[in-house]
Amino acid sequence: MKMDSAAVEIDGSVMEGGGQILRLSAALSCITGSAIKITKIRAGRSTPGLRPQHLMGLQLVSDLCSGSLQGGTIGSTDINLTPGKIQSGNHTADTQTAGSVCLLLQVALPCALYADAASQLCLKGGTNAEMAPQIDYTVKVFKPIVEKFGVHFDCDIKMRGYYPKGGGEVMVTVNPVKELQPVTLTERGNITKIHGRAFVAGVLPFKLAKDMSAAAVRTIRKEIKELYINIQPLQEKEKAYGNGNGIIIIAESSTGCLFAGSALGKKGVYADKVGIEAAEMLLRNIRHNGCVDEFLQDQLIIFMALAKGTSRIRTGAVTLHTQTAIHIAEQLTQAKFTITKSEDELSSNVTYIIECQGSGVVNPNL
């Protein structure tokens, strides 16, 4: 534990320069006990500084680690977080908008792993929001893969909430760990299963769900002929607040790799187009022959950095989000990352191996 009083300075405008830098820095500050000062928060965005969603995430972490947060106001471009001891028990965060509950979970989950007992997180906002993973992705793709690191959490979707109102609610129970194990995901295997859900909620007609599903199946069929594809059209009635439609499609490989493509409906966009967009995203993520999709890639960096031992993950092109996550993880932990290009003799695919010597953070509270 570094107990020096000087805060680690993080430039919030580097690389991807978005909310991700905040989430990662705050979580790692909480876990390592290092105070941080983040400057130039979201400097390049159209509305710079903290948005309600980011502020809520920071307050949640501060709450989780009995910390003190300075500069925590909407529009603020500089914050200081001085962490204390991580507290188990009940924590609530409400974006009061359609701000994503999945992004709140991204910041809170790693922290809760290092508490002295189980934590209950009550997260309110959008469950299926733009520019963020859908809750279905978090439960069906993110969760099974992070479980390989030794992370265990349960996620109960009480209410789904859509843009612009939000109103969703998710209860997450997180069990603490002594330390995280490293993970190797380098063998893709074959795609064995494709399934998903196409949903409408509120006043929207069920036909939209059927159209999204059919268009997605047609698109995947052009490229993957032999598999049975099951994308269920669903009308969400009682557990949904507001109106929305969308689709998420998940592919599983013979070695347990998971990939997804998803899209949300917008006013004036044909349902077919939403289905096709999700299908094309999935196909793009399967083609490169890596073991994780473009969205899981950056979300695994913090777990690789905290784990004890060497993790190796095969990916397609390394995203800017991932490069940013590595940059922050190396600044705030002892983890060391290397990225190696590996060309496949048999195909034109270039994949990359992200390797990490983890910092092996041990939970001092257990």
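A few comments on the model shown:
- Note on GLN59 and GLU238: with the Förster distance fixed at 25 Å, the Cβ-Cβ geometry gives a FRET efficiency of about 0.25.
- Two tests apply to each whole DSSP H helix in the chain, Cα reach of 15 Å or more along its axis and mean Kyte-Doolittle hydropathy of at least 1.6, and the ones passing both are 101-112.
- 18 Å Cα-Cα threshold exceeded, pairs from LYS207/LYS273; LYS165/LYS266; LYS140/LYS273; LYS143/LYS237: LYS140/LYS273; LYS143/LYS237
- The stretch 244-309 versus the stretch 76-108: alpha-carbon centroid distance in Å: 25
- Beta bridge orientation in the chain: antiparallel %, DSSP, nearest 5: 70
- Residues GLU345 and MET159, FRET efficiency given R0 of 56 Å [Cβ-Cβ distance, rounded to 0.05]: 0.65
- Paramagnetic reach from PHE206 in the stretch 269-302 [backbone N under 19 Å; point 7 Å along Cα→Cβ]: 271-272
- Kirkwood Rh in Å, taken over the stretch 80-138 so that all alpha-carbon pairs contribute: 12.3
- Cα-based convex hull volume of the stretch 118-161 per residue, rounded to whole Å³: 81
- Sparse packing (at most 16 other Cβ atoms within 10 Å of the Cβ) combined with a DSSP loop state is found for the following GluC sites (Glu not before Pro) in the stretch 175-273: GLU187, GLU226, GLU238.
- Overall form of the stretch 1-102 per C-alpha gyration tensor (a/c, 1.5; a/b vs b/c): oblate
- Kirkwood estimate for the stretch 75-204, i.e. one over the average of 1/r between Cα atoms, Å: 16.3
- Förster-model FRET efficiency, 35 Å R0, ASP116 and ALA6, C-beta, rounded to 0.05: 0.80
- Using the empirical formula 2.2 N^0.38 Å as the baseline, the Cα radius of gyration of the stretch 151-253 reaches a ratio of 1.37.
- Within a straight-line Cα-Cα reach of under 14 Å, LYS40 can be paired with the following aspartates and glutamates, leaving aside sequence neighbours fewer than 8 residues apart in one chain: GLU9, ASP11, GLU16, ASP78.
- Dmax and Rg, reported as Rg then Dmax, of the chain (C-alpha, Å): 20.1, 60
- Computed about the Cα centre, the dipole magnitude for the chain is approximately 700 debye when only Lys and Arg (+1) and Asp and Glu (-1) carry charge, each at its Cβ.
- Carbon + sulfur, % of accessible area of the chain - ligands and nucleic acids excluded, 1.4 Å: 52
- If you run the Gaussian network model on the chain, springs between alpha carbon atoms under 10 Å, then out of THR47, THR324, THR92 the most flexible one is THR47.
- Relative contact order of the stretch 196-310, taken over Cα pairs closer than 8 Å and 6 or more residues apart, is 28 percent.
- Length-normalised contact order for the chain - Cα pairs under 8 Å, 6+ apart - percent: 15
- Ranking PHE295, PHE337, PHE149 by solvent-accessible area of protein heavy atoms (1.4 Å probe, all protein chains present), from largest to smallest, gives PHE295, PHE337, PHE149.
- Across the stretch 282-366, Cα pairs under 8 Å and at least six residues apart give a relative contact order of 36 percent.
- Entry note, the chain: the mean residue ellipticity at 222 nm calculated from DSSP H runs of n ≥ 4, each adding -39500 (n - 2.57), is -8500 deg cm²/dmol after division by the residues and rounding to the nearest 500.
- Extension gain for ASP78-LYS266 works out to 64.3 nm (0.36 nm per residue, less the C-alpha to C-alpha distance).
- For the stretch 280-352, the set of GluC sites (Glu not before Pro) satisfying both a DSSP loop assignment and a count of at most 16 other C-beta atoms within 10 Å is given as GLU345.
The values are calculated or read from the model by the stated rules, or taken from the named source; none is laboratory data. Since the model is a prediction, treat every value here as computed from it, not as a measurement. Don't worry about glycine lacking a Cβ; one is built from the backbone with ideal geometry, like all the others, and counts go over all protein chains shown. Protein only, heavy atoms only, side chains kept; ligands, DNA and RNA dropped before computing areas. Shrake-Rupley method; radii C 1.70, N 1.55, O 1.52, S 1.80 Å.
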